[in-house]
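The structure under discussion appears below in the form of structure tokens.
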Amino acid sequence: MSTLAARLPFGARIERFKGSYTAQILSQVVRDRLALVSLGILLFFTVIAVIGPFIAPYDPRDRLMDENGQLLVIASPSAEHLLGTTNVGRDIFSQLIVGTQAAFIIGGIAAIAEVAIAIVLGLVAGYYKGWRDNLLMRAVDVAYTLPVEPVAIVLLVFLGQSMWTVILAIVLLSWRNATRVLRTQVLSVSERAFVKGARVAGASDFRILFRHILPTILPIAIIYLPVGFGNAIVAEAAISFLGFGDPELTTWGLMLREVFDAGATQTAWWWIVAPGLCITVVVSSMFFLTRAFEDVLNPRLQKR
Amino acid sequence: MYLARRLFSILVTLLIALTIVFVLFRLLPGDPASALLGPLSSQEARDNLTESLGLDKPMLEQYGIYLGNLVQLDLGTSFSQRLPVMDVVWPAFVNSLILVLATFIVAYGLGALLGVVLAWYRGTRFEAIGSFAALALRGAPTFWIAILLVSLFALNLKWLPAAGMTSIQNTGEVSLSTYLSWDFVKHLILPVAAASIYALGLPLLLVRNSMLDVIGTPYVELARAKGLSQKSVMFKHAARNAMLPAVTASAQFIAWAMGGLVVVENVFSWPGLGTTIVDALEVRDYQLAQGALASIAALVVSLMLIADLVTAYLDPRVKLS
């Protein structure tokens, strides 16, 4: 039965390979110089994230002394300490490098989880409609009334503060964005001839959902990966800044909290600028890449 | 009819949100009383506290009492402040509301204006830089921008106060004249600026895009053919319709604003709901934290209702669908 559906003239494959999607994205990224630069920046940070702990000049938790045995308190940038040291004598440059890994793990896992949830919920709500759809859309409405940061910190107080609970809190509060968009998409795709054809041919719901509808919404779902990645990094930074992140994990957000708590935003401007700049560069690179993807999906935008 | 339907659905949303807040605060592992009183407390003190908090009753009864108290605006008592939670939360609610509304006005006013201007200069270097900056700034953490602004304008240049809502320290007395004073406005500038730098990106990009859509339509062509000035065509004819997507997106702003403002309030020690909830959680004052979170949900819901009504007023098609 299901093989019959796949052989139908209006199969989903036609939709899927309208001039090779991957090739289109690549050509768009190459043409859009900003997206190309963003991609380069992200690749650079990805490499740092992978090899970070091996190339960091010091252990980011070590309290360093100078040659006289004095603790290095807020040392200025120098050849040994490219970005100086913190108020308790830790090497800022090493913290920055090691923090990259945490940012990429948290951002990556949160983004994938968020998009996966959104795909499943979007498919169910948009395809079955009826009470499932009502229920899910009501849940999305409710989720929008629960702002990420305040609810996340409450959750973290109760669940304990670790990297995994931070990721869980972020995912629990951010699936709403992609879900709403994907559900709308599924709703319109479900009315298309190839889906109706597959149904007439006797394909199971499961097969229709994953074999026919999923490929058509995948491009839009993929857009939410960089968006979710960026938002997760910013959310983690905010949570750590408020003091509810994993206290053992060196993240850019925790670095910002430390400099703020130390009251050193005046004396050691490099300490406050460096982690914030890293977050900004990584997250906005994700956004620029997203914009290039959107241009592929919506060619009308390209002419601008 | 439309109003009644929206009101009902938003009340249901609020009820569910408040239920989630209730459940959230019962997730706490272990015994809340010993968490509050510390490990050295006596069994009797713990039992007394458990009883006074009503935590010895069955969950469903607790939920009923919770909702009943909420209707009467009774949020319990705060341990850390030794005051009814309502007395702590209400002024914070007002302070947060002022911050959100001021940010909304600045971000959406400025964002929409810049969006129109960028659409006007489409294809130029100016437009390219403007769009780039708007998107790049959306990647910057709001609290980081806030700290940078404090360092520069408050600590370095000493133009504006670094923290708080007024210069008079903690008299506890906040009256209408407080909010109308120049001193208050000076304290408001930096927090609003920090939040707006992030928030104006969305209306800016939306208005710019919809302006570009609108510019090609016949009615704008007609306005131009009538010989009206470029400025009049842009602002009187095109911009008016191009605003709608930004108005619709204001719900998104509200959802972001209450979260984003938690961090901004913390940087500036702004006595709002964000500061309240963080302070309450730090000292494990769950009653206060629960009241603050419920207030945040209520604030978001009421702002969304207002946004809905404004959208319906501006775009009568919404009412029909």
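Bear in mind that the values in this text are calculations on the coordinates, not laboratory data. Here the structure is a predicted model, which is why all the values come from computation and not from measurement. Using ideal geometry, Cβ is built from the backbone for each residue, glycine included, and neighbour counts are taken over all protein chains shown.
Computed over the alpha-carbon atoms, the range A:213-304 gives an Rg to Rh ratio of 1.15, Rh here being the Kirkwood radius from the mean inverse distance.
Can you tell me the length gained on complete extension of the stretch residue A:61 to residue A:269, counting 0.36 nm per residue apart and subtracting the Cα distance?
Details: separation 208, 0.36 × 208 = 74.88 nm, distance 2.08 nm.
Extra length available between residue A:61 and residue A:269 comes to 72.8 nm.
So which GluC sites (Glu not before Pro) in the range A:163-248 are both in a DSSP loop and have at most 13 other Cβ atoms within 10 Å of their Cβ?
For GluC sites (Glu not before Pro) across the range A:163-248 that sit outside H, G, I, E and B with at most 13 neighbouring Cβ atoms in 10 Å, the list reads A:191, A:248.
Counting neighbouring beta carbons within 10 Å and listing from fewest to most, the residues A:288, B:79 come out as B:79, A:288.
For residue B:223 and residue B:133, the FRET efficiency from 1/(1 + (r/R0)^6), where r spans their Cβ atoms and R0 equals 30 Å, is about 0.50.
By its C-alpha gyration tensor, with a ≥ b ≥ c as the square roots of the eigenvalues, how is chain B shaped: rounded for a/c under 1.5, else prolate for a/b larger than b/c, else oblate? Judged from the Cα gyration tensor, chain B comes out prolate (a/c at least 1.5, a/b above b/c). Applying the Karplus relation 6.51 cos²θ - 1.76 cosθ + 1.60 with θ = phi - 60° to the range A:100-113 yields 3J(HN,Hα) values of 4, 4, 4, 4, 6, 5, 5, x, x, 5, 4, 5, 5, 4 Hz, where x marks Gly and Pro. Grab the protein assembly as shown and count how many Lys pairs have their alpha-carbon atoms under 20 Å apart, sequence gap of 8 or more, or different chains. Lysine pairs meeting both conditions in the protein assembly as shown amount to 4.
Look at the stretch A:149-162: the mean tally of other chain Cβ atoms within 10 Å of its residues' Cβ atoms is 6. For residue B:75, the residues whose modelled amide H falls within less than 5 Å of its own, excluding neighbours fewer than 5 places apart on the same chain, are B:85, B:86. Projecting the Cα atoms of A:148, A:193, A:159 onto the charge dipole of the range A:134-292, computed from C-beta unit charges around the Cα centre, puts A:193 farthest toward the positive end. Peptide B:268-275 has a mean of 1 when you count, residue by residue, the C-beta atoms of other protein chains within 10 Å of its C-beta.
Just going by the charge dipole of the range B:180-321, with Lys and Arg at +1 and Asp and Glu at -1 on Cβ, which of B:310, B:219, B:274 is farthest out on the positive end? It is B:219. Could you tell me the calculated FRET efficiency between residue A:33 and residue B:80, based on Cβ-Cβ distance and R0 = 56 angstrom, to the nearest 0.05? Step by step, r from the Cβ atoms, then E = 0.55.
Determine the shape class of the range A:102-180: with a ≥ b ≥ c the square roots of the Cα gyration tensor eigenvalues, call it rounded for a/c under 1.5, and otherwise prolate if a/b is greater than b/c, oblate otherwise.
Oblate.
Summing Cβ point charges (Lys, Arg +1; Asp, Glu -1) relative to the Cα centre of the range B:213-321 gives a dipole of roughly 760 debye.
Placing unit charges on each Cβ (+1 for Lys and Arg, -1 for Asp and Glu) gives the range B:56-173 a dipole about its Cα centre, and among B:132, B:75, B:161 the Cα reaching farthest toward its positive end belongs to B:132. Work out the P(r) tail for the protein assembly as shown: percent of alpha carbon pairs separated by more than 40 Å, whole number. I get 34 percent for the Cα pairs in the protein assembly as shown exceeding 40 Å. Give the shape of the range A:135-182 as rounded, prolate or oblate, defined through the alpha-carbon gyration tensor: a ≥ b ≥ c are the square roots of its eigenvalues, a/c under 1.5 means rounded, and otherwise the shape is prolate if a/b is larger than b/c and oblate if not. Judged from the Cα gyration tensor, the range A:135-182 comes out prolate (a/c at least 1.5, a/b above b/c).
If each residue's Cβ is checked for other Cβ atoms within 10 Å, how do A:149, B:44, B:221 rank with the fewest at the top?
Working: A:149 29, B:44 8, B:221 12.
Least to most surrounded, the residues fall as B:44, B:221, A:149.
Label-to-label distance, residue B:73 versus residue B:59, with points set 7 angstrom from Cα along the beta-carbon direction: 3.2 nm.
I need the calculated FRET efficiency for the pair residue B:125 and residue A:50, taking r as the beta carbon distance and R₀ as 35 Å, to the nearest 0.05. About 0.40, to the nearest 0.05. Take each residue in B:244-255, count the other chain C-beta atoms within 10 Å of its C-beta, and the mean is 1. Fewest neighbouring Cβ atoms within 10 Å first, the residues B:12, A:296 line up as B:12, A:296.
In what sequence, highest mean first, do B:254-260, A:202-208 appear when ranked by Cβ atoms within 10 angstrom?
Numbers: B:254-260: 23.6, A:202-208: 15.7.
Going by the mean number of other Cβ atoms within 10 Å, highest first, we get B:254-260, A:202-208.
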